[in-house]
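Here's the structure, in C-alpha coordinates; my notes come after.
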Amino acid sequence: MTETITIRRPDDWHLHLRDGAMLEAVLPYTARQFARAIVMPNLAPPVTTMADAAAYRDRILAALPEGMHFTPLMTAYLTDTTDAGDLARGHGEGVLTAAKLYPAGATTNSASGVTDIANIMGVLERMAEIGMVLCVHGEVTDGDIDIFDREAVFIDRVLAPVIERLPELKVVYEHITTRDAVQFVEGAGPNVAATITPQHLHINRNAIFAGGINPHAYCLPVAKREEHRLALRAFATGGSAKAFLGTDSAPHARHAKESACGCAGIFNAPYALESYIAVFEEEGALDRFEAFASENGPRFYGLPLNEDTVTLARSGTDVPERLDGEHELTPFHAGQRIGWSFAG
Ligand code: OTD
Ligand code: ZN
Ligand code: ZN
(Lines give C-alpha, C1' and ligand atoms only; values in the text may rest on other atoms or scores of the structure.)
(Ligands and ions follow the chains in the order given, each with its own letter.)
Protein backbone atom coordinates (compact mmCIF):
# COMPACT_ATOMS: atom_id res chain seq x y z
CA MET A 1 0.00 0.00 0.00
CA THR A 2 1.30 3.48 -0.85
CA GLU A 3 2.52 5.17 2.30
CA THR A 4 2.95 8.67 0.88
CA ILE A 5 1.52 10.58 -2.05
CA THR A 6 3.30 13.54 -3.64
CA ILE A 7 1.33 15.86 -5.89
CA ARG A 8 1.75 19.30 -7.41
CA ARG A 9 1.03 21.91 -4.76
CA PRO A 10 -2.73 22.55 -4.71
CA ASP A 11 -4.61 25.86 -4.76
CA ASP A 12 -7.78 26.74 -2.88
CA TRP A 13 -10.34 28.14 -5.33
CA HIS A 14 -12.69 29.49 -2.63
CA LEU A 15 -11.47 30.88 0.68
CA HIS A 16 -12.44 33.38 3.40
CA LEU A 17 -9.34 34.97 4.91
CA ARG A 18 -11.08 37.77 6.88
CA ASP A 19 -9.09 40.81 7.96
CA GLY A 20 -7.06 42.20 10.86
CA ALA A 21 -6.19 39.84 13.72
CA MET A 22 -8.33 37.00 12.32
CA LEU A 23 -6.48 37.24 8.98
CA GLU A 24 -3.17 36.95 10.82
CA ALA A 25 -4.45 33.95 12.77
CA VAL A 26 -5.80 31.95 9.83
CA LEU A 27 -3.57 32.83 6.86
CA PRO A 28 -0.63 30.57 7.86
CA TYR A 29 -2.86 27.48 7.80
CA THR A 30 -3.74 28.09 4.17
CA ALA A 31 -0.28 29.23 3.09
CA ARG A 32 1.18 26.04 4.56
CA GLN A 33 -0.79 23.81 2.18
CA PHE A 34 -1.77 25.94 -0.80
CA ALA A 35 0.14 28.09 -3.30
CA ARG A 36 -2.76 30.37 -4.23
CA ALA A 37 -6.34 30.99 -3.23
CA ILE A 38 -9.34 32.80 -4.61
CA VAL A 39 -10.03 35.19 -1.74
CA MET A 40 -13.66 35.96 -1.03
CA PRO A 41 -14.61 39.64 -0.73
CA ASN A 42 -17.34 39.42 1.95
CA LEU A 43 -15.62 41.63 4.50
CA ALA A 44 -17.60 44.26 6.40
CA PRO A 45 -17.71 46.52 4.43
CA PRO A 46 -17.27 44.34 1.34
CA VAL A 47 -14.46 44.53 -1.22
CA THR A 48 -16.38 46.02 -4.14
CA THR A 49 -13.82 47.86 -6.27
CA MET A 50 -10.42 47.33 -7.85
CA ALA A 51 -8.96 49.76 -5.29
CA ASP A 52 -10.53 47.86 -2.37
CA ALA A 53 -9.14 44.59 -3.73
CA ALA A 54 -5.63 46.01 -4.20
CA ALA A 55 -5.65 47.32 -0.62
CA TYR A 56 -6.95 44.00 0.74
CA ARG A 57 -4.31 42.09 -1.22
CA ASP A 58 -1.62 44.30 0.38
CA ARG A 59 -3.00 43.55 3.85
CA ILE A 60 -2.94 39.81 3.14
CA LEU A 61 0.64 39.93 1.92
CA ALA A 62 1.64 42.01 4.95
CA ALA A 63 0.09 39.37 7.23
CA LEU A 64 2.03 36.51 5.62
CA PRO A 65 4.73 35.22 8.00
CA GLU A 66 8.38 35.57 6.91
CA GLY A 67 9.50 32.74 4.70
CA MET A 68 6.01 31.60 3.61
CA HIS A 69 4.91 31.86 -0.01
CA PHE A 70 1.33 32.48 -0.99
CA THR A 71 -0.45 34.33 -3.79
CA PRO A 72 -3.90 35.76 -3.04
CA LEU A 73 -6.13 35.92 -6.12
CA MET A 74 -8.59 38.71 -5.53
CA THR A 75 -12.30 38.95 -6.22
CA ALA A 76 -14.72 41.89 -6.29
CA TYR A 77 -18.11 41.67 -4.59
CA LEU A 78 -20.84 42.54 -7.07
CA THR A 79 -23.54 44.97 -6.01
CA ASP A 80 -26.52 46.46 -7.79
CA THR A 81 -24.28 49.41 -8.73
CA THR A 82 -20.98 47.74 -9.70
CA ASP A 83 -19.08 49.72 -12.32
CA ALA A 84 -18.21 47.38 -15.21
CA GLY A 85 -15.34 49.68 -16.26
CA ASP A 86 -13.69 49.40 -12.84
CA LEU A 87 -14.00 45.59 -12.91
CA ALA A 88 -12.54 45.39 -16.41
CA ARG A 89 -9.62 47.64 -15.44
CA GLY A 90 -9.00 45.57 -12.33
CA HIS A 91 -9.01 42.41 -14.40
CA GLY A 92 -6.77 43.91 -17.10
CA GLU A 93 -4.22 45.12 -14.53
CA GLY A 94 -4.09 41.73 -12.81
CA VAL A 95 -5.64 42.94 -9.55
CA LEU A 96 -8.95 41.10 -9.94
CA THR A 97 -9.08 37.43 -10.92
CA ALA A 98 -12.85 37.09 -10.63
CA ALA A 99 -16.04 38.77 -9.47
CA LYS A 100 -18.41 37.27 -6.94
CA LEU A 101 -22.18 37.14 -7.08
CA TYR A 102 -23.85 37.05 -3.68
CA PRO A 103 -27.61 37.18 -3.89
CA ALA A 104 -28.43 39.79 -1.20
CA GLY A 105 -28.91 38.02 2.13
CA ALA A 106 -27.68 34.57 1.05
CA THR A 107 -24.76 34.20 3.48
CA THR A 108 -22.39 36.01 5.88
CA ASN A 109 -21.98 39.72 4.97
CA SER A 110 -24.04 39.45 1.82
CA ALA A 111 -26.51 42.22 2.67
CA SER A 112 -24.98 44.51 0.01
CA GLY A 113 -25.19 41.79 -2.62
CA VAL A 114 -27.24 41.77 -5.79
CA THR A 115 -31.00 42.14 -5.26
CA ASP A 116 -31.98 41.17 -8.82
CA ILE A 117 -29.75 39.59 -11.46
CA ALA A 118 -31.21 42.03 -14.00
CA ASN A 119 -29.33 44.81 -12.19
CA ILE A 120 -25.93 43.37 -13.17
CA MET A 121 -26.67 42.08 -16.67
CA GLY A 122 -24.49 44.80 -18.22
CA VAL A 123 -21.62 43.87 -15.88
CA LEU A 124 -21.97 40.18 -16.74
CA GLU A 125 -21.95 40.99 -20.46
CA ARG A 126 -18.68 42.86 -20.01
CA MET A 127 -17.21 39.98 -18.00
CA ALA A 128 -18.16 37.52 -20.74
CA GLU A 129 -16.43 39.75 -23.31
CA ILE A 130 -13.16 39.98 -21.38
CA GLY A 131 -13.16 36.39 -20.11
CA MET A 132 -13.41 37.30 -16.42
CA VAL A 133 -14.67 34.48 -14.18
CA LEU A 134 -17.94 34.88 -12.28
CA CYS A 135 -17.97 33.06 -8.93
CA VAL A 136 -21.49 32.36 -7.75
CA HIS A 137 -23.07 31.75 -4.37
CA GLY A 138 -25.96 29.89 -5.92
CA GLU A 139 -28.92 30.06 -3.60
CA VAL A 140 -32.13 32.03 -3.82
CA THR A 141 -32.94 33.98 -0.68
CA ASP A 142 -36.73 34.03 -0.76
CA GLY A 143 -38.13 33.25 2.68
CA ASP A 144 -40.86 31.10 1.13
CA ILE A 145 -38.33 28.67 -0.39
CA ASP A 146 -37.25 25.92 1.99
CA ILE A 147 -33.59 26.34 2.94
CA PHE A 148 -32.77 22.84 1.63
CA ASP A 149 -34.23 23.73 -1.79
CA ARG A 150 -32.57 27.10 -2.33
CA GLU A 151 -29.74 25.81 -4.49
CA ALA A 152 -31.97 23.82 -6.83
CA VAL A 153 -34.38 26.75 -7.22
CA PHE A 154 -31.48 29.12 -7.96
CA ILE A 155 -30.45 26.95 -10.90
CA ASP A 156 -33.88 27.20 -12.51
CA ARG A 157 -34.59 30.82 -11.72
CA VAL A 158 -31.20 32.49 -12.06
CA LEU A 159 -28.24 30.44 -13.23
CA ALA A 160 -29.71 28.58 -16.19
CA PRO A 161 -31.24 31.76 -17.68
CA VAL A 162 -27.98 33.72 -17.23
CA ILE A 163 -25.95 31.03 -18.97
CA GLU A 164 -28.50 30.76 -21.73
CA ARG A 165 -28.26 34.49 -22.30
CA LEU A 166 -24.46 34.66 -21.96
CA PRO A 167 -23.20 31.25 -23.12
CA GLU A 168 -19.57 32.43 -23.17
CA LEU A 169 -19.51 33.63 -19.54
CA LYS A 170 -17.06 31.65 -17.38
CA VAL A 171 -18.90 30.59 -14.24
CA VAL A 172 -17.73 28.78 -11.13
CA TYR A 173 -20.69 27.43 -9.22
CA GLU A 174 -19.20 27.66 -5.74
CA HIS A 175 -19.49 25.13 -2.93
CA ILE A 176 -22.15 22.99 -4.62
CA THR A 177 -24.22 20.85 -2.26
CA THR A 178 -26.81 19.03 -4.36
CA ARG A 179 -27.17 16.43 -7.05
CA ASP A 180 -29.13 19.07 -8.98
CA ALA A 181 -26.03 21.30 -9.10
CA VAL A 182 -23.80 18.39 -10.12
CA GLN A 183 -26.13 17.55 -12.99
CA PHE A 184 -26.40 21.16 -14.05
CA VAL A 185 -22.64 21.69 -14.15
CA GLU A 186 -22.00 18.39 -15.92
CA GLY A 187 -24.60 19.25 -18.56
CA ALA A 188 -23.38 22.81 -19.16
CA GLY A 189 -20.58 23.89 -21.51
CA PRO A 190 -16.86 23.74 -20.67
CA ASN A 191 -17.06 27.33 -19.34
CA VAL A 192 -19.09 26.18 -16.31
CA ALA A 193 -17.34 24.45 -13.40
CA ALA A 194 -17.84 23.94 -9.66
CA THR A 195 -15.92 23.97 -6.41
CA ILE A 196 -16.64 21.43 -3.69
CA THR A 197 -15.85 21.82 0.01
CA PRO A 198 -14.52 19.10 2.31
CA GLN A 199 -17.50 19.36 4.63
CA HIS A 200 -20.04 18.71 1.89
CA LEU A 201 -18.09 15.57 0.96
CA HIS A 202 -17.93 14.36 4.58
CA ILE A 203 -21.21 15.28 6.25
CA ASN A 204 -24.88 15.29 5.45
CA ARG A 205 -27.52 17.32 7.27
CA ASN A 206 -27.84 14.80 10.09
CA ALA A 207 -24.47 16.01 11.38
CA ILE A 208 -25.97 19.37 12.32
CA PHE A 209 -28.44 17.69 14.70
CA ALA A 210 -26.64 14.56 15.88
CA GLY A 211 -27.12 14.29 19.66
CA GLY A 212 -27.99 18.00 19.95
CA ILE A 213 -27.38 21.08 17.86
CA ASN A 214 -23.86 21.18 16.43
CA PRO A 215 -22.91 24.70 15.41
CA HIS A 216 -19.56 23.59 14.01
CA ALA A 217 -21.36 21.55 11.34
CA TYR A 218 -23.40 24.56 10.25
CA CYS A 219 -22.43 26.44 7.12
CA LEU A 220 -24.15 27.88 4.08
CA PRO A 221 -25.20 26.41 1.82
CA VAL A 222 -26.36 24.05 4.54
CA ALA A 223 -25.42 20.36 4.18
CA LYS A 224 -28.14 18.35 2.41
CA ARG A 225 -29.44 14.77 2.42
CA GLU A 226 -27.13 11.77 2.06
CA GLU A 227 -28.08 11.22 -1.60
CA HIS A 228 -26.69 14.66 -2.40
CA ARG A 229 -23.46 14.03 -0.51
CA LEU A 230 -23.00 10.83 -2.50
CA ALA A 231 -23.56 12.70 -5.78
CA LEU A 232 -20.93 15.26 -4.77
CA ARG A 233 -18.46 12.51 -3.90
CA ALA A 234 -19.00 10.80 -7.23
CA PHE A 235 -18.52 14.09 -9.09
CA ALA A 236 -15.43 15.22 -7.14
CA THR A 237 -13.66 11.87 -7.42
CA GLY A 238 -14.96 10.81 -10.84
CA GLY A 239 -12.34 12.57 -12.95
CA SER A 240 -14.38 15.50 -14.31
CA ALA A 241 -12.24 18.52 -15.23
CA LYS A 242 -15.16 20.69 -14.09
CA ALA A 243 -14.80 19.81 -10.41
CA PHE A 244 -12.10 21.38 -8.28
CA LEU A 245 -11.00 22.10 -4.77
CA GLY A 246 -12.46 25.10 -2.94
CA THR A 247 -12.53 24.78 0.82
CA ASP A 248 -14.88 27.65 1.67
CA SER A 249 -12.96 27.75 4.95
CA ALA A 250 -14.92 30.38 6.89
CA PRO A 251 -13.57 30.99 10.40
CA HIS A 252 -15.64 32.51 13.18
CA ALA A 253 -14.52 32.84 16.79
CA ARG A 254 -15.83 29.98 18.91
CA HIS A 255 -18.18 32.22 20.91
CA ALA A 256 -19.75 33.44 17.65
CA LYS A 257 -20.43 29.85 16.55
CA GLU A 258 -21.53 28.54 19.96
CA SER A 259 -24.24 31.11 20.42
CA ALA A 260 -28.04 31.35 20.42
CA CYS A 261 -27.74 32.68 16.85
CA GLY A 262 -24.54 31.03 15.72
CA CYS A 263 -22.68 32.21 12.61
CA ALA A 264 -22.56 30.06 9.48
CA GLY A 265 -19.15 28.81 8.40
CA ILE A 266 -16.78 25.88 8.91
CA PHE A 267 -13.08 26.49 9.52
CA ASN A 268 -11.46 23.69 7.53
CA ALA A 269 -8.18 25.31 6.41
CA PRO A 270 -5.89 23.67 9.01
CA TYR A 271 -6.44 20.08 7.79
CA ALA A 272 -7.94 20.73 4.37
CA LEU A 273 -5.78 18.40 2.29
CA GLU A 274 -5.96 15.61 4.86
CA SER A 275 -9.75 15.94 4.79
CA TYR A 276 -10.05 15.84 1.01
CA ILE A 277 -7.58 13.02 0.42
CA ALA A 278 -9.44 10.83 2.93
CA VAL A 279 -12.51 11.12 0.69
CA PHE A 280 -10.54 10.20 -2.42
CA GLU A 281 -9.12 7.18 -0.65
CA GLU A 282 -12.56 6.04 0.55
CA GLU A 283 -13.83 6.34 -3.04
CA GLY A 284 -10.86 4.38 -4.45
CA ALA A 285 -9.78 7.44 -6.43
CA LEU A 286 -6.40 8.46 -5.02
CA ASP A 287 -5.06 8.62 -8.60
CA ARG A 288 -7.56 11.41 -9.33
CA PHE A 289 -6.75 13.55 -6.33
CA GLU A 290 -4.03 15.61 -8.01
CA ALA A 291 -6.27 16.71 -10.89
CA PHE A 292 -9.02 17.81 -8.47
CA ALA A 293 -6.65 19.59 -6.09
CA SER A 294 -3.97 21.01 -8.36
CA GLU A 295 -4.84 20.92 -12.07
CA ASN A 296 -8.51 21.47 -12.89
CA GLY A 297 -8.72 24.82 -11.10
CA PRO A 298 -5.74 26.56 -12.73
CA ARG A 299 -6.72 25.16 -16.13
CA PHE A 300 -10.23 26.59 -15.77
CA TYR A 301 -8.90 29.98 -14.64
CA GLY A 302 -6.21 29.99 -17.35
CA LEU A 303 -3.36 30.14 -14.83
CA PRO A 304 -0.13 28.12 -14.77
CA LEU A 305 0.04 24.91 -12.75
CA ASN A 306 2.22 25.07 -9.64
CA GLU A 307 5.65 23.55 -10.05
CA ASP A 308 6.48 22.61 -6.47
CA THR A 309 4.91 19.70 -4.64
CA VAL A 310 3.36 18.61 -1.35
CA THR A 311 3.43 15.19 0.25
CA LEU A 312 0.65 13.51 2.21
CA ALA A 313 1.40 10.48 4.36
CA ARG A 314 -0.83 7.69 5.56
CA SER A 315 0.25 8.23 9.14
CA GLY A 316 -2.90 9.90 10.45
CA THR A 317 -3.68 13.15 12.23
CA ASP A 318 -5.48 13.68 15.53
CA VAL A 319 -7.38 16.90 15.02
CA PRO A 320 -7.48 19.00 18.20
CA GLU A 321 -10.78 20.17 19.71
CA ARG A 322 -9.67 23.73 19.29
CA LEU A 323 -6.78 25.80 18.07
CA ASP A 324 -5.24 28.14 20.60
CA GLY A 325 -5.10 31.86 20.12
CA GLU A 326 -7.32 34.76 20.93
CA HIS A 327 -10.12 33.65 18.61
CA GLU A 328 -10.33 30.05 19.89
CA LEU A 329 -11.06 28.51 16.53
CA THR A 330 -12.66 25.08 16.22
CA PRO A 331 -11.39 23.24 13.15
CA PHE A 332 -13.44 20.91 10.96
CA HIS A 333 -13.02 17.29 12.22
CA ALA A 334 -12.33 18.60 15.76
CA GLY A 335 -11.63 15.72 18.12
CA GLN A 336 -11.50 13.17 15.29
CA ARG A 337 -8.72 11.24 13.64
CA ILE A 338 -8.10 11.57 9.89
CA GLY A 339 -6.13 8.76 8.26
CA TRP A 340 -3.67 11.11 6.52
CA SER A 341 -1.15 13.73 7.55
CA PHE A 342 0.45 16.66 5.75
CA ALA A 343 4.16 16.04 5.43
CA GLY A 344 5.02 19.36 3.77
N1 OTD B 1 -20.65 30.08 3.97
N2 OTD B 1 -19.98 31.18 5.90
C3 OTD B 1 -19.35 32.14 5.18
C4 OTD B 1 -19.32 32.08 3.83
C5 OTD B 1 -19.76 30.86 3.19
O6 OTD B 1 -21.40 31.01 1.50
C7 OTD B 1 -20.20 31.00 1.78
O8 OTD B 1 -19.34 31.14 0.92
C9 OTD B 1 -18.66 33.19 5.92
O10 OTD B 1 -18.69 33.13 7.15
O11 OTD B 1 -18.07 34.09 5.29
C12 OTD B 1 -20.67 30.19 5.29
O13 OTD B 1 -21.32 29.38 5.96
ZN1 ZN C 1 -21.14 31.22 -0.60
ZN1 ZN D 1 -17.50 31.04 0.88
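Heavy-atom accessible area per residue, region 10-308, 1.4 Å probe: how many Å²? Don't skip to the answer; put the middle values down first.
Working: 11060 Å² over 299 residues.
Roughly 37 Å² per residue, with all protein chains present.
Quick one: Karplus J couplings for region 78-92, per residue in order, coefficients 6.51, -1.76, 1.60, θ = phi - 60°, nearest Hz, x for Gly and Pro?
6, 10, 4, 10, 4, 8, 4, x, 5, 4, 5, 4, x, 5, x
Anyone know which of E295, E307, E274 comes out most mobile in the 10 Å Cα GNM of the chain?
Fluctuation is largest for E307.
Mind checking the dipole of the chain: about its Cα centre, +1 per Lys or Arg Cβ, -1 per Asp or Glu Cβ, Debye to the nearest 20?
Once rounded to the nearest 20, the dipole reads 260 debye.
Which residue fluctuates the most in the chain, going by a Gaussian network model with Cα springs under 10 Å, if the choices are F34, F70, F209?
It is F209.
In region 171-215, how does Rg compare with the Kirkwood Rh, expressed as the Rg/Rh ratio over alpha carbon atoms?
Numbers: Rg = 13.4 Å, Rh = 11.9 Å.
Computed over Cα atoms, the ratio is 1.13.
Using a cut-off of under 19 Å, list every residue of region 108-146 whose amide N is near the label point 7 Å from the Cα of D156 along the Cα-to-beta-carbon line.
Backbone N within reach: 117, 138-146.
Once phi is turned into ³J(HN,Hα) by the Karplus curve 6.51 cos²θ - 1.76 cosθ + 1.60 with θ = phi - 60°, what whole-Hz value does each residue of region 331-344 show in order, with x for glycine and proline?
My calculation for region 331-344 gives x, 4, 6, 3, x, 10, 10, 10, x, 10, 9, 8, 9, x Hz in order.
Each label point is 7 Å from the Cα along the Cα-to-Cβ direction; what then is the distance between the points at R225 and D324, in nm?
Modelled inter-label distance: 4.6 nm.
Counting only protein heavy atoms and a 1.4 Å probe, tell me what percentage of region 10-308's accessible area is made up of carbon and sulfur. If you can, show how the numbers build up before the last one.
On the way: 5510 of 11060 Å².
C and S fraction of accessible area: 50 percent.
Using only the alpha-carbon atoms of the chain as identical scatterers, what base-10 log of I(q)/I(0) does the Debye formula give at q = 0.07, 0.09, 0.13 Å⁻¹?
Debye output, listed in q order: -0.25, -0.43, -0.97.
Answer with one residue from I176, S112, G90: the one whose Cα lies farthest towards the positive end of the charge dipole of region 10-308, charges on Cβ with Lys, Arg +1 and Asp, Glu -1.
The residue sitting most towards the positive pole is S112.
The values are calculated or read from the model by the stated rules, or taken from the named source; none is laboratory data. Keep in mind that what you see is a predicted model, and the values were worked out from it rather than measured. Cβ: placed from backbone, ideal geometry, glycine included. Neighbour counts: every protein chain shown. With ligands, DNA and RNA removed, areas are computed over all heavy atoms of the protein, side chains included. Shrake-Rupley method; radii C 1.70, N 1.55, O 1.52, S 1.80 Å.
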